[in-house]
1. When we measure straight from the Cα of residue 102, which aspartates and glutamates land under 14 angstrom away, once same-chain ones fewer than 8 places off are left out?
2. Could you work out the helix-only [θ] at 222 nm for the chain, with each DSSP H run of four or more residues adding -39,500 (n - 2.57) and the total divided by the number of residues, to the nearest 500 deg cm²/dmol?
3. Taking θ = phi - 60°, what integer Hz values does the Karplus form 6.51 cos²θ - 1.76 cosθ + 1.60 yield along the range 34-43, in sequence order, with x for Gly and Pro?
4. Considering only lysines 8 or more places apart in sequence, or on different chains, count the pairs in the range 1-81 whose C-alpha atoms sit under 24 Å apart.
5. Want the number for residue 156 to residue 24: 0.36 nm per residue separation, take away the alpha-carbon distance, what's left?
6. Provide the packing ranking of 95-105, 61-71, 23-33, i.e. peptides ordered by the mean count of other C-beta atoms within 10 Å per residue, highest first.
7. Would you work out the relative contact order for the range 1-76, in percent, from Cα pairs under 8 angstrom that are 6 or more residues apart?
8. Along its three principal axes, how long is the range 146-186 when you only count alpha carbons? Whole Å, largest extent first please.
Amino acid sequence: MKKFSIKVLVSLGMFSAIAYVLMLLKFPILPAFSFLKLDFSEIPALIAVLVYGPGAGIIVEFLKNVLDYFMTGSETGVPVGHISNFIAGFLYILPVYYIYQKLQSRKGMITALLAGTVFMSLVMSLLNYFIFIPAYTWFLGMPEMSASTLREMIVLGVLPFNLIKGVLTSALFMILFAKLRSWLAKLAPAKIAA
């Protein structure tokens, strides 16, 4: 595993703290599925992954969820939602990193963000269907959902939510990326085209 310098570790701590604060500023976007809440906490992880590499982005995703779990807890008593958020985060940021490394341009970043959004949305739909929603219902002591009800929840709630979240996060990141691109290029000249 890659070793990080003290400066990088401090930066990752800062990015994780910012991601945690952004995670607290969450709000529902689909009225029928108000338990699905949008936040922009992937943005610091995106910056970390572009500057310091994939391990750094995963560390930021992990630490923000650990902080949130210990500070706010979980409805189930078990960090099912936090594990889900962590997995969704790295499913979003890792394709962005690898695609942008191949296509270092504005169009390349847009392509990478869209690919990350689609990849995260599709994989999270499957994981929610088979793992996360059944785990939530089990830990909350709720009756098991029928396959048709679960499928409807995925198609009408989880998939659109993740697509909307990915598009909105990507749009906000592109605004920030345009402003921060030269600064990011100074931090990681080999990874970010100025």
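1. The qualifying aspartates and glutamates are none; the list is empty.
2. Mean residue ellipticity, 222 nm, calculated: -23500 deg cm²/dmol.
3. In residue order, the calculated couplings are 5, 6, 8, 10, 8, 9, 10, 6, 7, 4 Hz.
4. Details: 2/64; 3/64; 7/64; 26/37; 26/64; 37/64.
Close lysine pairs under the 24 Å cut-off: 6.
5. Details: separation 132, 0.36 × 132 = 47.52 nm, distance 2.49 nm.
The residue 156-residue 24 span can extend by a further 45.0 nm.
6. With the highest mean Cβ count within 10 Å placed first, the list reads 61-71, 95-105, 23-33.
7. It comes to 32 percent, rounded to a whole number.
8. Projected onto the principal axes, the Cα atoms of the range 146-186 cover 53, 14, 6 Å.
The values are calculated or read from the model by the stated rules, or taken from the named source; none is laboratory data. No experiment lies behind these values; they were computed from the predicted model shown. All Cβ positions, even for glycine, are placed from backbone atoms using ideal geometry, and neighbour counts span all protein chains on display. These accessible areas exclude ligands, DNA and RNA; they are computed on the full protein's heavy atoms, side chains included. Shrake-Rupley method; radii C 1.70, N 1.55, O 1.52, S 1.80 Å.
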